[in-house]
Each structure stands twice: as structure tokens, then as C-alpha cells.
1. Out of all the residues in segment 38-53, which are within 21 Å of Pro18 (Cβ to Cβ) and either surrounded by 17 or more Cβ atoms within 10 Å (Cβ to Cβ) or in contact with a strand residue (DSSP E or B) (Cβ under 7 Å, 6 or more places away or on another chain) (or both)?
2. Among strands (runs of 3 or more DSSP E) lying entirely in segment 34-96, which contain 3 or more residues that are in contact with an Asp or Glu (Cβ under 9 Å, 6 or more places away or on another chain) and over 13 Å from Thr9 (Cβ atoms)?
3. What are the pairs with Cβ atoms under 8 angstrom where one residue, in segment 1-17, is under 14 Å from Thr80 (Cα atoms) and the other, located anywhere, is acidic (Asp, Glu) and modelled with pLDDT under 90? Sequence gap at least six, or different chains.
Amino acid sequence: MDHLADPDTILITPSALPDADEFELWGQIFLHLDGLSLLEFHQGADRHQWRFTCAGHPYNLNFEHYSESIWIAPEGLGATEHLPNLVTLLRLNLQQ
């Protein structure tokens, strides 16, 4: 998990990318952490998205099939300012 050139984006680099039809379940499992709440899932032809909150701030977990990339982006200034806390939460849980 790394920050991209855009410091307001978290790049997720799993050991194996999910198939497009598996991303909904993959996202549910990845985001199943204390402090995170799932809001809604959107599925498109080439991009899928989970909207979720962390400490009351909205984010989206994105999967793009063609670029084979997964990333988290904040929704709004409050979420952007809280992004380092989300990174810490994710890293701590990935180490377990």
C-alpha cells in the first residue's frame, strides 16, 4: 500500500488482483475493519467502487479492470485531512 504521486490517493497493491466479478466480495473483505462502515457498491463496465466511511469521513475504494489498479480516494476536505489516519489503520490491520 503506497501513496501515489497524488498525495491524496492510496494505491492498494494486493499479491493477486481480484477478477472484475469478484471485486464486490474482495472489497467487503478488505474493508471489514473496526472503524470502517460500508455505504454502497457501484459496478460499471470497467470500474467498480465501494463507498465507505472511516471516523465519519467518506472515501471510495476503486477497482479499474483495464489498468488493473485498486486505489482509495477521499471524498472532501475532511476526508483528505484524515487520510493519514486511514493509512495507519489499514497498515496495522494488514500486518496482522
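The values are calculated or read from the model by the stated rules, or taken from the named source; none is laboratory data. Bear in mind that the values here come from a model prediction, so they are computed numbers and not experimental data. Counting neighbours? That spans all protein chains shown, and the Cβs are built from the backbone with ideal geometry, glycine included.
1. Going through segment 38-53, the residues within 21 Å of Pro18 (Cβ to Cβ) turn out to be 38-52.
Of everything in segment 38-53, those that are within 21 Å of Pro18 (Cβ to Cβ) and either surrounded by 17 or more Cβ atoms within 10 Å (Cβ to Cβ) or in contact with a strand residue (DSSP E or B) (Cβ under 7 Å, 6 or more places away or on another chain) (or both) turn out to be Leu38, Leu39, Glu40, Phe41, His42, Asp46, Arg47, His48, Gln49, Trp50, Arg51, Phe52.
2. Values: elements: 36-43, 47-54, 57-64, 69-74.
Output list reads 47-54.
3. Ile10/Asp2
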